[in-house]
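Heads up: the structure comes next, in structure tokens.
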Amino acid sequence: MNRDQLFHIAEDYFKQQGWTAFPFQKKTWNAFLSGKNGLLNAPTGSGKTYALWVAIVLQYIKNNPHYKKPPKKGLKAIWITPLRSLSQEIAQTSQRFVDGIGLPFTVGIRSGDTSTKERNAQKKSMPDLLITTPESLHLLLSSKDHEKTFKDCTAIVVDEWHELLGTKRGVQMELGISRLRAIAPVLRIWGISATIGNLDQARDVLLGIPDAVNNSSNDEEITLSRKHNQQQTNPYRESVLIKANIKKDITVKSIIPATMDKFPWRGHLGLHLLKEVTEIINSSKSTLIFTNTRAQCELWFQALMTNYPEYAGEVAMHHGSINKETRIWVENAIRNESLKACVCTSSLDLGVDFAPVETIIQVGGPKGVARFLQRAGRSGHRPGETSVIYFLPTHALELIEAAALQKAVASQAVEDRLPYLNCYDVLIQYLCTLAVAGGFYPDEIYPQIKSTFCFQGITEREWQWCLDFIVHGSSSLQNYDEYKKVLVDDDGRFYIDSRAIAMRHRLQMGTIVTATDVTVKYVTGGYIGSIEEYFISQLSRGDVFIFAGRTLEFVRLKGMVAQVRNSTRKTGKVSNWQGSRLPLSSQLGELLRDEMQYFQTGKKRSPEIKALRDIIQRQQLESIVPDRNQFLIETFKTREGYHTVFYPFEGRQVHMAMSGLLAYRISLLQPITFSLAFNDYGFELLSDQPFDMQEVLDNNLLTPEMLKEDLLASINGTELARRRFRNIAVIAGLVFTGYPNKLIKAKHLQNSSQLLFEVFRDNEPDNLLFQQAYTETYEHEVEEYRLRAAMERIATQEIVWKQCEKPTPFSFPIITDRLREKLSSEKLADRIKRMQLKWE
């Protein structure tokens, strides 16, 4: 069949559905049929699934003209999705298309939710298309007959690649792809990404690093930029980047309160705007209310149910800790439009193709442009429809963020996702996976490893260290047999022979290391969901807490199961999860600094500027509103002590590091102790004695020089690295997390990993896993590169130091965030009210 005939098959199906193929879909079909690998950049809801699944099917038909006959059994293509919740929708879409053109293909799903019966059936006969997750792919690679399973595979598609890039799951995919392309000679590799800034680099990470020659094209939609050599480990011809170029109209509307406190504080506005939210719900056919954390999700759902009981059955909640059956019910209810609203987290961010939701509400700043665009895309989730998203501020200053987001939407200024380099823990886990799967020869695997973006720079010495580690357990652990997992036979094959070691390895495969979860069940046995152990450990018998939209009374902890019963009380602790605060992205920080000039001058007329007029006037009366070329420092004295507040507008993570760094540098000038507080807009140094700010400026303490050395001394880098090492130890298999239903408690895991950290620190400081803990601390936790860029920017700005008589509106949220750590919600609200009255 020629290409026109193949396209005719797909276009006939589209015509039957009342659709017309988009140009980007045809370009993708064409590139795939030409034997190319690539990355498709398309927004959520644009038909990107059809772009690649149709291409895979047309390639099969091209090679098999009598395609309506039963195909040869075996796997033809793999579709990787980062979220299990996406699998059902992709499977239904894929199956509908092959059924519609009369191709007898089967589509299967394999993930943590797949039953044992289904897995056994797949072992006997794989479906033609397998939809799976990175973790399940590696579990398949750990089987002894994996080469037979994958040898005839013609394509792998990594969906939502932007969600995997910049994570260890992304590294896991790089390694998995390197293995698959060595097994399957005709494999084509494609990624789909909805929102990402560094698209060219994203493609490089996905496809690997063979010898490359950069080329360019003037075609704005398809860029042929790399010709790959024809080595066996990298059987590329050309790679392409295809952009959908579908203009998605997004309307951003701020929910502005009728009155505004002159001294704003975090969390104050949110639920006060409940009435406005219900008006939006009632005027819309369907609404998604996105929150940034699971705790916030619980809080909003509970508030809606308590104040508006008539919503029972019409409003639901969705987040990752609720049981699978409830999540699926909610997804189906959204799909068939039987729900009026759903309060949710990022669990509904990605490309599940519901019937389009009419309205989106974002509670609080999304902290990133890409995340905001992704959520906005759930509204009008069909090509050509306008997306409407309401922005609900949790404190007044977030309205500046709303204005910056409107600008970001217009310019499509999304963030980069920076890839990991040299993740030795993931590599060690992968080598053990190959050793479980019948073994490997290092000379064969090393070129495959080197072809990945993550390990392009690995040296032979580092490679040898990893091999020695899985065999001997590193030099300081050689006397302990439990760390000696891999054997080497006379032929040089590395393999795992022990069934116990193999089972423990399979149980612990993956790179998502979270706090230990406790199952929440009724005393009578009904399953509700799972919650982190640290939250449950704070409860005593009889305590009431809110989880999964229910008010529950804690009865007892039995093993790793929290037994509960329903409570008639209306209030209780809201279940919360550690590490749930999202930091401001550098892209949004820059837009915020740009937007400040409009709030300073008032030249731009917008509802946000009008709403914040009194706050801005008060800020200008006490201090200034900095423009993009100014760096503001405020000092004032209260009964708490001497306050110094700095405003870089770079996000919590950068401010945490910068505050510690500056406090350390000032302490070198004079003996002084500080309390630190920070939010996304700035940070505070509080001391019981004054210091000379002019001396700080004269000594250039905001310089990026000596940054790494001063960081190590100021932020207790060793303690941060020790915490980071726990995850590394789990991924590398140094610490075993336990068997199902007999998981090891988080504090025991922490103790075990801390002991290993100290052993390596004292006896083996050149241990690659030990060094990795420090590298990740500075690059991913402290974000040293962002801190350095911020300090280099400050060096070019005009520093404005304002000596204020009392706290300013901009400083107030930072001060109240510090108090939040010490006071209960009720006491905090009372204390803030007194502070506001005094300072107003």
Assess whether residue 119 counts as being open to solvent by 10 Å² or more (accessible area, probe 1.4 Å) and at pLDDT 95 or above. no
In the stretch 160-186, anything outside any helix (DSSP H, G or I), open to solvent by less than 10 Å² (accessible area, probe 1.4 Å) and touching a residue at least 40 places away in the same chain (Cβ under 8 Å) is listed as 160, 165
Looking only at the stretch 106-139, which residues are out of contact with any strand residue (DSSP E or B) (no Cβ under 8 Å at 6 or more places or on another chain), farther than 19 Å from residue 95 by Cβ and among the hydrophobic types (A, V, I, L, M, F, W, C)? 139
Conditions first: (1) modelled with pLDDT of 90 or more; (2) in a helix (DSSP H, G or I); (3) open to solvent by less than 30 Å² (accessible area, probe 1.4 Å). Residue 761 passes all but one, so which condition is the exception? (3)
Residues to consider are 461, 375, 417, 382; find the one that is of a type outside the set (Ser, Thr, Tyr), over 17 Å from residue 592 (Cα atoms), surrounded by fewer than 19 Cβ atoms within 10 Å (Cβ to Cβ) and modelled with pLDDT under 90. 382
Complete set of residues in the stretch 679-688 that are out of contact with any strand residue (DSSP E or B) (no Cβ under 7 Å at 6 or more places or on another chain) and open to solvent by 40 Å² or more (accessible area, probe 1.4 Å): none
Six or more apart or on different chains, Cβ atoms under 9 Å: show the pairs whose first residue is in the stretch 304-330 and without any contact (Cβ under 8 Å) to a residue 24 or more places away in the chain and open to solvent by 10 Å² or more (accessible area, probe 1.4 Å) and whose second is among the hydrophobic types (A, V, I, L, M, F, W, C) and part of a loop (DSSP other than H, G, I, E, B). 313/339
Hey, residue 660 hits all of (1) at pLDDT 90 or above; (2) open to solvent by less than 40 Å² (accessible area, probe 1.4 Å) but one; which does it fall short on? (1)
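Residues checked against (1) at pLDDT 95 or above; (2) within 28 Å of residue 239 (Cβ to Cβ); (3) among the charged types (D, E, K, R):
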site: 44; (1), (2), (3): no, yes, no
site: 65; (1), (2), (3): no, no, no
site: 73; (1), (2), (3): no, no, yes
site: 79; (1), (2), (3): yes, yes, no
site: 82; (1), (2), (3): no, yes, no
site: 91; (1), (2), (3): no, yes, no
Hey, any hits in the stretch 649-665 for a residue that's of a type in the set (Asp, Glu) and in contact with a strand residue (DSSP E or B) (Cβ under 9 Å, 6 or more places away or on another chain)? no
If we keep just the residues of the stretch 542-556 that are without any contact (Cβ under 8 Å) to a residue 40 or more places away in the chain and in contact with an Asp or Glu (Cβ under 9 Å, 6 or more places away or on another chain), which is surrounded by the fewest Cβ atoms within 10 Å (Cβ to Cβ)? 542
May I ask you to verify whether residue 373 is over 30 Å from residue 148 (Cα atoms), in contact with a Leu (Cβ under 7 Å, 6 or more places away or on another chain) and part of a helix (DSSP H, G or I)? no
Per the filter on the stretch 147-159, residues open to solvent by 10 Å² or more (accessible area, probe 1.4 Å), touching a residue at least 60 places away in the same chain (Cβ under 8 Å) and either more than 23 Å from residue 57 (Cβ to Cβ) or not in a loop (DSSP other than H, G, I, E, B) (or both) are 149
Is there a residue in the stretch 82-94 that is more than 29 Å from the chain's Cα centre (by Cα), free of Cβ contacts under 8 Å to residues at least 60 places away in the same chain, buried (at least 20 other Cβ atoms within 10 Å of the Cβ) and closer than 23 Å to residue 177 by Cβ? no
Can you confirm whether the stretch 265-284 contains a residue that is in a loop (DSSP other than H, G, I, E, B), at pLDDT 80 or above and farther than 20 Å from residue 406 by Cβ? yes
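The values are calculated or read from the model by the stated rules, or taken from the named source; none is laboratory data. The structure displayed is predicted, hence computed values, not measured ones. Neighbour counts are summed over all protein chains in view; Cβ atoms, including those assigned to glycine, are modelled from backbone coordinates with ideal geometry. Calculation scope for accessible area: heavy atoms of the full protein, side chains included, ligands and nucleic acids excluded. Shrake-Rupley method; radii C 1.70, N 1.55, O 1.52, S 1.80 Å.
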